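K.L.:
Take a look at this one; I'll ask things after.
Just so it is clear, none of the values below were taken in a lab; they were calculated from the coordinates. Note that the structure is predicted; figures quoted are calculated from it, not measured. Ideal geometry is used to build each Cβ from the backbone, glycine not excepted, and the neighbour counts take in all protein chains shown.
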Amino acid sequence: MKFSHQWLSGIVDLTGITPEEVGEKLTLHTAELEEIIDGDGGDKLFDIDNKSLTHRPDLMGHEGIARELGAIFGRKKTRPQPEVSIPDAGAAIEVDIQTDTCRRFCAVRINDVNIQPSEAKLQTRLENIGVKFISNFVDTTNLVMLELGQPMHVFDADKVNGKIIVRQAKAGEKLLALDEEEYELNEHDTVVADESGVLSIAGIMGGRASGVSENTKNVVFECANWDPVAVRKTSSRLGLRSESSMRYEKSLDPENCIRGLHRAIEMAGGTASGPVTDHYPLPQTTKSIDLNFDLVRARSGLNLSDQDIVTKLEALDFKVETKGGIAQVTVPTFRATKDIAIAEDLIEEVVRLSGFDQVPSILPALPLTPPHKNKLRELDWRVRDLLSARDYLEVYNYSFVPESDNDLLEDDQAVTVANPLSEEQAQLRRTLLSNFLKNLKSELRTHKSLKLFEIGKVFEKTSDVLPREIPRLGVLNAQMGGTAQGLFYDLKNNLSRLWSGLGLEVSYQPSSEKKPYGHNTQQADIFCGATLVGCIFTVHPQKNPVKKGNIAFAEIDLEPVLNCIQALDPGYCKLSAFPEILRDIAILVPERTMVSDLTNTAREAAPELKLFELFDEFSDKEKLGEGVKNLAFHLSFQSSEKTLDEAEIEHAFQNIIQALSQKHNAQLRQ
């Protein structure tokens, strides 16, 4: 939107202030200036970004911008009242208002007019702003709009049949508008009509038939105020946007209508033939806001005196009465339509007039309260880091599974989905293993072995409407060929690094409840102390979708793991500065001997033993005999006080062999 420097200078004293200074101050305090343009007649034009005026309908005319400049520079501004003579006698224009979308409607008739071109100075002024000059009376309505921000319209009075009727359009009514386009209206559009038909689309554009021409002898000036929502909807539906509609959409001040009408009569040089018709059903009420001076200083950070605050508000035409540190501020009507409503709006006025660059950059004094930590989320990331370090890849699977998942679990506790997207997503998964098995067949075609893990939720049926959500970790080892037993122990050893990284000691016990998808003799429960945290197993051959492939899987509940971690006593244990000595041992033991029992016995027999890790299991009736299995372990010896010599290592080693032999009937295999 363009504004003329010469026009502004006629409203506010800008003596000694360059256009560049005016533009800079407008951007800092009021609205964003895009550029300064050279106009005809030595004028300078300020092109202001329309979006920065969206909530300031009072700035849609030169008078509003001049008011701002007067407040910014502390200069005197004028708001002259039009000097016109309106007769009390005579016939007023009859107006019938039939819709509540008309907030105010003012009209007056002027007889014996002389339609001619406007004087050159006014033509140049309009052309600079980008408005086409037409004739003196039409140009007058545009000049009033550009000066006061109040749109107007002028009709040829002799083309108005009877009284003026403001109503909603009838479905199918058409109007040939001033832009030579015909528009079809409906019952949601507001129109100004006479007894014959539509004269104009309210707030948007007049009709061609009732327009002023060189043969016009009598005119009717209309100055109205329309509901902004109604104007915007009609303008949008018709694809018709005008200078008038753009302003009415912002919610204009209805108090400006009479002044605009008087200004048009003054500028056009005509004389009213009768009194002004003024339909104003709901006059705008005065809005008053209480403003605490201390609140202004606290919210803005500016060190302003009470009088400074009053002066800035009064410079913007607010009326201020003070009493005991409180100001009662009366909002002018041109700022009360949608802009100023609460005390904070007034504080904004004070701050922007003072300059946002004057607000001190001081951080508020607030307590530094650390944010609440999601312990379970932290555990998820620790698990990711530890498993990634062991070359495991993370996968993400859907939480949905097909009905065939029931065959895997062999029960009737399915959690069904009320509106599944497909048959493949008919249920919520109850084990992380489900989707792993679904995807493994294709993966093992290109990879001989896989190490994968997933952190996700499984769902358990409850008596409530919604199922219980359980956060779990699933860890999988899969390979083509090899032995299921070897894969089981490989997974178990990798998990030992996970438990060590989490600072937990776990034990493995025979499964109390055998899982139908687990191998009968290769599945165990995982305990942290007395707490069951998960299970480990190899997948039963009948549930294994990969021929000649082996799958080992561990499924761990993360909430019990987190509880065990939080129950730990975080004591400090100094790392040993002395080397560890490694040895291996292979023993023959009865087939049902538990590895956890062997581990406990070995550690009791030799305090120097730091690691007793199973890495191989082997059984063969012909070579080893009936009911016997071979177990192979890695042993690590280390002291925190000295370097262990060979004699000490041998002594500890023999103690372990003797204890295993006495308690578990173990035989050292040569």
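K.L.:
Distance in nm between label sites at L575 and E314, each 7 Å beyond Cα in the beta-carbon direction?
P.N.:
The two pseudo-label positions are separated by 7.6 nm.
K.L.:
Restricted to Cα positions, what overall size does the stretch 581-668 have along the principal axes? Three whole-Å values, descending.
P.N.:
46, 20, 20
K.L.:
Another question, if that's okay. In the structure shown, do any of K233/K338; K132/K338; K375/K457; K2/K312; K174/K233; K642/K663 have a Cα-Cα gap over 21 Å, and if so which?
P.N.:
As for pairs spanning more than 21 Å Cα to Cα, those are K132/K338; K2/K312; K642/K663.
K.L.:
So for the stretch 515-670, averaging the separation of alpha carbon pairs under 8 Å that are six or more residues apart and normalising by length, what relative contact order in percent results?
P.N.:
Normalised by residue count, the contact order of the stretch 515-670 is 22 percent.
K.L.:
Given the options F527, S511, G486, identify the residue whose Cα lies farthest towards the positive end of the charge dipole of the stretch 463-585 (+1 on Cβ of Lys, Arg; -1 on Cβ of Asp, Glu).
P.N.:
Farthest towards the positive pole: G486.
K.L.:
Give me the extension gain from K373 to D464: residue separation times 0.36 nm, minus the current Cα-Cα distance, reported in nm with one decimal.
P.N.:
Result: 29.9 nm gained on full extension.
K.L.:
Excluding residues on the same chain fewer than 8 positions from K448, give the aspartates and glutamates whose Cα lies under 18 Å from its Cα.
P.N.:
D391, E394, D490
K.L.:
By count of other Cβ within 10 Å, fewest leading, how are C564, C573 ordered?
P.N.:
On the way: C564 20, C573 6.
Exposure proxy ranking, most exposed first: C573, C564.
K.L.:
Go ahead and run the numbers for FRET between K163 and E83, Cβ-Cβ distance against an R0 of 30 Å, rounding to 0.05.
P.N.:
On the way: r = 30 Å, r/R0 = 1.00.
With R0 = 30 Å, the Cβ-Cβ based efficiency is 0.50.
K.L.:
Under 12 Å from a point placed 7 Å out from the Cα of T286 along the Cα-to-Cβ direction: which residues of the stretch 332-366 have their backbone N that close?
P.N.:
Hits in the stretch 332-366 for T286 at 12 Å: 332-333.
K.L.:
Another question, then. What's the FRET efficiency of F356 with S305 using the Cβ-Cβ distance as r and R₀ = 22 Å, to the nearest 0.05?
P.N.:
Working: r = 20 Å, r/R0 = 0.89.
The calculated FRET efficiency here is 0.65.
K.L.:
On to the next question. Please go through the residue pairs K121/K163; K438/K461; K438/K621 and name each one whose alpha carbons sit more than 31 Å apart in this structure.
P.N.:
Cα-Cα > 31 Å for K121/K163; K438/K621; rest within.
K.L.:
So, one more: Which net charge results when you count Lys and Arg as +1 and Asp and Glu as -1 among the other residues whose beta-carbon is under 14 Å from that of A389?
P.N.:
Its environment carries a net charge of +2.
K.L.:
Taking 25 Å as R0, compute the FRET efficiency from the Cβ-Cβ separation of Q98 and A209 and round it to 0.05.
P.N.:
Computed FRET efficiency for Q98 and A209: 0.75.
K.L.:
Rg/Rh for the stretch 287-357 to two decimals, with Rh computed the Kirkwood way over all alpha-carbon pairs.
P.N.:
Result: Rg/Rh = 0.92.
K.L.:
Further question on the same structure: Rank-order 170-183, 549-562 by packing density, defined as the average count of other C-beta atoms within 10 Å over each peptide's residues, highest first.
P.N.:
Put in order of decreasing packing, that is 549-562, 170-183.
K.L.:
Moving to a separate point now. Could you let me know the centre-to-centre spacing of the stretch 235-249 and the stretch 448-480, using Cα atoms, in angstrom?
P.N.:
Between the Cα centres of the stretch 235-249 and the stretch 448-480 lies a distance of 59 Å.
K.L.:
Counting alpha carbon pairs within less than 8 Å and at least 6 residues apart, what relative contact order, in whole percent, applies to the chain? Spell out each step's value before the answer.
P.N.:
On the way: 1223 pairs, mean separation 60.0, N = 670.
Once divided by the residue count of the chain, the mean separation gives 9 percent.
K.L.:
Determine the distance separating the Cα centre of the stretch 126-159 from the Cα centre of the stretch 620-670; give it in Å without decimals.
P.N.:
Taking the Cα centre of the stretch 620-670 as reference, the centre of the stretch 126-159 is 107 Å away.
K.L.:
Straight-line reach from K623: which aspartates and glutamates fall under 16 Å, measuring Cα to Cα and dropping same-chain residues less than 8 apart?
P.N.:
Partners found: E591.
K.L.:
Note the full-extension length gain between H55 and K2 as 0.36 nm times their separation in residues minus their Cα-Cα distance, in nm to one decimal.
P.N.:
Extending this stretch completely gives an extra 17.3 nm.
K.L.:
Moving on to the next point. Looking at I585, S251, Q542, which one has the Cα that reaches farthest to the positive end of the dipole of the chain (charges on Cβ: Lys, Arg +1; Asp, Glu -1)?
P.N.:
Farthest towards the positive end: I585.
K.L.:
Going by average Cβ neighbours within 10 Å, how do the peptides 153-165, 443-455 rank, with the highest at the top?
P.N.:
So the peptides 153-165, 443-455, ranked by packing, come out 153-165, 443-455.
K.L.:
With an 8 Å Cα cut-off and a minimum separation of 6 or more residues, compute the relative contact order for the stretch 443-564 in percent. Don't skip to the answer; put the middle values down first.
P.N.:
Working: 218 pairs, mean separation 32.8, N = 122.
With pairs under 8 Å counted, the relative contact order is 27 percent.
K.L.:
Which of the peptides 462-475, 262-275, 530-543 is most tightly packed, and how do the rest follow, judged by the mean count of other Cβ atoms within 10 Å per residue?
P.N.:
262-275, 530-543, 462-475
K.L.:
Still on this structure, I have one more. Between K548 and T330, what is the spin-label point distance in nm, taking each point 7 Å from the Cα along the Cα→C-beta axis?
P.N.:
Inter-label distance under the simple model: 9.8 nm.
K.L.:
Taking the Cα centre of the stretch 257-310 as the origin and placing charges on Cβ (Lys, Arg +1; Asp, Glu -1), which of G270, A298, T286 is farthest toward the positive end of the dipole?
P.N.:
Among G270, A298, T286, the one farthest towards the positive end of the dipole of the stretch 257-310 is G270.
K.L.:
Also, quick follow-up: Only one of the listed values, [x] 42; [y] 23; [z] 53, was derived from the coordinates as percent of Cα pairs over 47 Å apart; which label is it?
P.N.:
Entry [z].
K.L.:
Under a plain spin-label model, where a point goes 7 Å from the Cα along Cα-to-Cβ, how far apart in nm are E180 and E344?
P.N.:
The answer from the label model is 5.1 nm.
K.L.:
Note down the magnitude of the dipole of the stretch 388-508 about its Cα centre, charges +1 on Lys and Arg C-beta and -1 on Asp and Glu C-beta and zero elsewhere, to the nearest 20 debye. If you can, show how the numbers build up before the last one.
P.N.:
On the way: 14 positive and 17 negative charges, 115 e Å.
The dipole magnitude comes to about 560 debye.
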